[in-house]
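These notes are about the structure you will find just below.
Readers should treat all values here as calculations from the given coordinates under stated rules, not as data from a laboratory. Keep in mind the model is a prediction, meaning the values are calculated, not measured. Cβ sites come from the backbone with ideal geometry, for glycine too, and all protein chains shown count toward neighbours.
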Amino acid sequence: MDRREVLKLGTVAFAASVAGLASSHAQEADVLRIGIAAARPRHSDPNLTTQGSDNWATEQMYEQLVRPDDGRFAVKPEDNIPTLATSWTQSDDALTWRFKLREGVQFHKGYGEMTSEDVVFSYERAIKNGTNTTVMSNIADVQPDGRHGVVIRLKSPDALFLGSIAFSNNTSIVSKKAALEMGERFATDAVGTGPYELAKFDPNGAVILKRHEGYWGQKAKIGNVECLYIADTTARTLAVLAGKIDMMEAVRAPGWVDSILQRDRTLKMDMTAPGSFNTLHVNLTRQPFGNLKVRQALMHAINRPAVAQALAPMGGVLANLQPPGFPAGFKAEELPPELRYAHDPRRARQLLAEAGFPNGISFSANSSRREDYASTMLIVQEQLRAAGFNMDLKIGDHTAYHADNRSDKNTLAMHSSSYPPIPTQLYQQQLAKASLVKADGNGGGNYSHYGVAMPGIDDLLDKALNSSSFKDYEAICRQIELQVLRDLPLIGLSTLSFTVARRGNIDLGYEVKGGYARWRFHRATKRI
């Protein structure tokens, strides 16, 4: 798809979204429009979404048993607030969790009251068919405890269960009745309990939501939310500057924030911290990357502080996989000297020569054209070239890029995802043997083949997941971090604050400080 076609798609999506709306200011004040950095939506089912941009809609439509307050991460278990559950208890061994459900919660579209039957169904489908099966595999059993109670039993202790499983997209509560009635149609016509419900799913570029009038809590202040998929950055930027949209997923590329603020100083920038974890998978089955010296050369070739600085004010430095301030996060000066991998192209060339490649190596790799991916990988490409790595970078559609990664079609696969302060989530999804990528696309996010092509961290991961105290948990996670720095199947490139440019007349109703790459709009207000 060329630029003209993408611009046309953005225009079509916008036109579709406003069809049927009158032009009065009063009606416009009741519509919040956000420009999404993707070509089109994939699903509205939280158990299926593999494209992060779709989560803007699902975040409005679904809820979990518990959640942190808006604009925050729950750093400690007590930071979670009651949502579809009003209270909960855990056993002394952290294996059994009992939840009392909120009574009277109504599903969208007249599907009736949420009960324990819906919660059990939602968890069971997440265990069997969700996109996060590795994490969900720790659930041994989910049973109803009367009409408004649920008991969840785990296979191994998890003192951080509320953040690791209970608050996740996959464990969003859906209507069992609706899912069974709709079958495959549920993927784009799903039914939840959130402050907004799905009004229209347009596969060509828009997801339209309306206020859930039967919502159990405080009803959304703005009546309608329109998620418009405008992949072209110029079209998206011009739309927010012109006031055709109220918010936009920012262009996470060098200099963009300063550039757009020069054009409109009234714009507000909402940034999560740390935001996305940008990691680089080294495919150990693609030679010569099975050679440790080549991977060490790769690390010395990449100037990670420069990658972060190029993306300022959004970029942050990673010395390992976890950011400073998160459990198991290191500052560079805290690491053993041999694991700091200072930027040194000369040392990189020396290591390549020792590995048998005195003239360097050439290889191809894929990247998404989405700005944060493309800009980061283009910077890495230039850094690698100076150290003897000639990377032929093929940049393409964001959705297709993820599908290719899931089918084991990449050599250096960049991955960008938000994580809570629970280190084992990243390890389970990107490093565990159980998450091994498969050529048929049915595997997980371990694109490096770590734990299969070479011994991995699975034994340590099991110990961390079975820890009886947070202190032991963190100590073991730090061991994992050091082993990954020794083996180098996965490189921490940078953090990147997930950023939204918001027009000055939009008040979210809270300050965004942390959290995932999505946030709710039910508190938002709009001045005309």
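Start at zero, step by 10 Å, and the Cα-Cα distances of region 309-367 spread as 18, 30, 36, 16, 0 percent across the bins. Under 18 Å from a label point 7 Å along Cα→Cβ of Ser156: give me every residue in region 84-126 with its amide N that close. Counting backbone N atoms under 18 Å from the label point, the list is 93-97. For the pair region 140-209 and region 395-444, the centres of their Cα atoms are 23 angstrom apart. Beta bridges per DSSP, both residues in the chain: antiparallel share near 75 percent. Residues whose amide H falls under 5 Å from that of Ala159, counting only those 5 or more places apart or on a different chain, are absent, with hydrogens built in the peptide plane. Which log10 I(q)/I(0) values, to two decimals, does region 66-177 give at q = 0.17, 0.20 Å⁻¹ under the Debye formula with one point per Cα? The Cα Debye sum returns log10 ratios of -0.81, -1.14.
With the helix formula -39500 (n - 2.57) applied to DSSP H stretches of n ≥ 4, the chain reaches a computed 222 nm mean residue ellipticity of -8500 deg cm²/dmol. For Ala517, the residues 5 or more places off, or on other chains, whose built amide H falls under 5 Å of its own are Ser418.
A cut-off of 5 Å between modelled amide H atoms, ignoring neighbours fewer than 5 places along the same chain, links Ala199 with Ile208, Leu209, Lys210. Potential lengthening of the chain between Thr89 and Ala140 amounts to 16.6 nm, from the contour at 0.36 nm per residue minus the alpha-carbon distance. In the chain, taking the dipole from charged Cβ atoms about the Cα centre, the farthest positive-side position among Leu95, Trp519, Phe107 is held by Trp519. For region 130-229, the pair-distance distribution built from all alpha carbon pairs, in bins 5 Å wide starting at 0, is 2, 10, 15, 18, 20, 16, 11, 7, 1 percent. Note: relative contact order over the chain, using C-alpha pairs below 8 Å and six or more positions apart, is 21 percent.
When the alpha carbon gyration tensor of region 346-411 is reduced to an equivalent ellipsoid, its three semi-axes come out at 26, 13, 7 angstrom, largest first.
Panel note: the C-alpha atoms of region 276-496, placed on their principal axes, show extents of 50, 40, 38 Å (largest first).
A Förster radius of 60 Å combined with the Cβ-Cβ distance from Ser364 to Glu103 puts the calculated FRET efficiency at roughly 0.55. For region 276-496, what is the relative contact order in percent, using Cα pairs closer than 8 Å and at least 6 residues apart in sequence? The normalised contact order for region 276-496 reaches 33 percent.
Look at where the Cα atoms of region 461-528 and of region 68-136 average out, and the two centres are 20 Å apart.
State which entries of Lys200/Lys221; Lys155/Lys331; Lys177/Lys219; Lys76/Lys100; Lys221/Lys331 exceed 31 angstrom in Cα-Cα distance in the structure shown. Cα-Cα > 31 Å for Lys155/Lys331; Lys221/Lys331; rest within.
The eigenvalues of the Cα gyration tensor, multiplied by 5 and square-rooted, give region 388-528 an equivalent ellipsoid with semi-axes of 32, 24, 14 Å from largest to smallest. In this simple spin-label model, placing a label point 7 Å from the Cα along the Cα-to-Cβ direction at both Ala199 and Lys76 gives a separation of 4.2 nm.
Once the cut-off is 11 Å, how many percent of the Cα-Cα pairs in region 61-102 end up in the long-distance tail? Of the Cα pairs, 68 percent sit more than 11 Å apart.
For a modelled paramagnetic label at Glu334, 7 Å from Cα along Cα-to-Cβ, the residues of region 283-322 in reach, with backbone nitrogen under 12 Å, are 319-322.
Rounded to the nearest 20 debye, the dipole magnitude of region 382-426 is 60 debye, with +1 charges on Lys and Arg beta carbons, -1 on Asp and Glu beta carbons, and the Cα centre as origin.
Backbone phi angles across region 241-257, fed through the Karplus curve with coefficients 6.51, -1.76 and 1.60 (θ = phi - 60°), yield HN-Hα couplings of 5, 7, x, 6, 10, 8, 8, 8, 5, 5, 7, 7, 9, x, x, 5, 4 Hz in residue order; Gly and Pro are listed as x.
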